[in-house]
Amino acid sequence: MPVFIFVFCFSFAHAQSFDLSPNRKHIKIPFRLVRNMIVIKLNINDKGPFNFVLDTGVGLMIVTKPDLVDSINLQSKRIVKIGGLGEGDDAEAYITSILNVQIPGLVSDDVNAAILKKDYFNLSDYLGIPIDGLLGYEFFDNLAIGIDFSDSTLNICRPADLHPFRKGNKIPITIEDRKPYLQAIITFPDGKKLDSKLIIDIGAGHPVSIENMVKNNGLPKAVIAANLGIGLNGPIDGYLSRIAEIQLGKYKIENVLASFPDDTKKQMESTVARDGNLGIGMLEKFKVIFDYPDNVMYLKPGPLYKEPFEHDMSGLEYYSDGDGYKHVIIGRVERGSPADEVGLEKGDEIVSINLRPVSKMSLDDIDGIFKSKDGRSLLLEIYHDNKYDNVIITLKRRI
């Protein structure tokens, strides 16, 4: 479940935003939800289309594919250092001149971007489709943005023309360092409650991440070690467990999967003091409206509101590779997991699951199978050391 949060080491001299095209009051934009990430299409300087992930945890538009620098007719660029998440040195990026970012029904105003000199995230491999960048604060700054996960559409208007949900909940937010924050009440398994300031990060796939947990409160009893994602400076290590409840406005959601970054390592950087991160794994349970200009977010339960939270039951992390992203490669095997017990290793290729070729499946399909049922047995065909093997793995709910 990747996490993307950035700290930019420079300030902005001008406002960057989008507005509706003249004579438009409302527009709808389709999106794809891929492995808990919202992907939209856009053009830049009459080139494209490009696939961009919407990410409220990003304070500046990010182009993750360095080769785009040669294809979008840049007038000028300068190099800056960007600090982010994870271990390692700061990343380098080009800051572009003003771009014409073209999204149907919208016009961009003074939007520029950081073009990474190296593709640190490999989002294309993680999602199994070409991904060119991340679009954050500029997209949300000036407009009311509704996200409807039930029909995969963004409903966009100016705040003055917004008609919020009936029977929904209006939740105050603050915009700090170009990112949105809210207050939530978290209840731990031992009954302890914590009034928490959370960044609202739709570029994070998890339901909720709680920071400084090891140092301040200790971990819950049932935890598994995990790679929580990737930042500009490398992987983010930590733990997965559950909390008893999280309260967002009037809504109380129980038995929630939670991530706990390892606070014994210096992995997290933020210019705003906070207690954690609210991700799309939680927000997809609702219909959501962001209204940055009025400092509010609206929530209304959607079709997934009562669905339980499930985590991978195999112990595998994997990504797509090759032409058309048709090969599925194991990137990590959790020690002591069902996958580890049957001898699967990093670098092995999953060829088929229950005799169905993975080349005919999306990574979301595969995720769903590995989360499907405690005790379910699966036949995997594996390519390892230049030969094909069949193994049977029995899924196990570990948290």
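Taken together, the values in this text are just the output of simple stated rules run on the coordinates, not laboratory data. This one's a predicted model, so the numbers in the text were calculated from it and none came from an experiment. Counting neighbours? That spans all protein chains shown, and the Cβs are built from the backbone with ideal geometry, glycine included.
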Heads up, the range 115-212 by the C-alpha gyration tensor (a ≥ b ≥ c square roots of eigenvalues; a/c under 1.5 rounded, else a/b over b/c prolate, else oblate) looks oblate
Cβ-Cβ cut-off under 12 Å around residue 250, Lys and Arg +1, Asp and Glu -1: the net charge is +4
Per the 1/(1 + (r/R0)^6) rule, R0 = 51 Å and r from the Cβ atoms of residue 388 and residue 153, FRET efficiency to 0.05 is 0.75
With DSSP loop assignment and no more than 12 other C-beta atoms within 10 Å, the trypsin sites (Lys or Arg not before Pro) in the range 147-186 are 166, 167
Filtering trypsin sites (Lys or Arg not before Pro) in the range 17-74 by DSSP loop and by at most 11 other Cβ atoms within 10 Å leaves 25
If one builds a Gaussian network model of the chain from Cα atoms under 10 Å apart, the most fluctuating residue listed among 342, 101, 256 is 342
Measuring from its Cα centre, the chain shows a charge dipole (+1 at each Lys and Arg Cβ, -1 at each Asp and Glu Cβ) which, in debye to the nearest 20, is 1220
Per the 1/(1 + (r/R0)^6) rule, R0 = 30 Å and r from the Cβ atoms of residue 272 and residue 79, FRET efficiency to 0.05 is 0.70
Net charge near residue 110 (other residues with Cβ under 12 Å of its Cβ; Lys, Arg +1; Asp, Glu -1) is -4
As straight-line cross-link partners of residue 41, the qualifying lysines (C-alpha separation under 25 Å, not fewer than 8 residues apart within one chain) are 25, 28, 65, 77, 117, 118, 179, 285, 287, 326, 360
Within the chain, excluding any GluC sites (Glu not before Pro) found in a DSSP loop (not H, G, I, E or B) and having at most 13 other Cβ atoms within 10 Å, the longest uninterrupted segment runs 88-344
Net charge near residue 308 (other residues with Cβ under 13 Å of its Cβ; Lys, Arg +1; Asp, Glu -1) is +2
For residue 60, the residues 5 or more places away or on another chain with a placed amide H closer than 5 Å to its own amide H are 137
Ratio for the chain, C-alpha Rg to 2.2 N^0.38 Å, reads 0.98
By the Cα gyration tensor axes a ≥ b ≥ c (a/c under 1.5 gives rounded; else a/b larger than b/c gives prolate, otherwise oblate), the shape of the range 93-141 is oblate
Any lysines whose Cα falls less than 17 Å from that of residue 193, other than same-chain ones fewer than 8 residues away, would be 215, 221, 250, 252
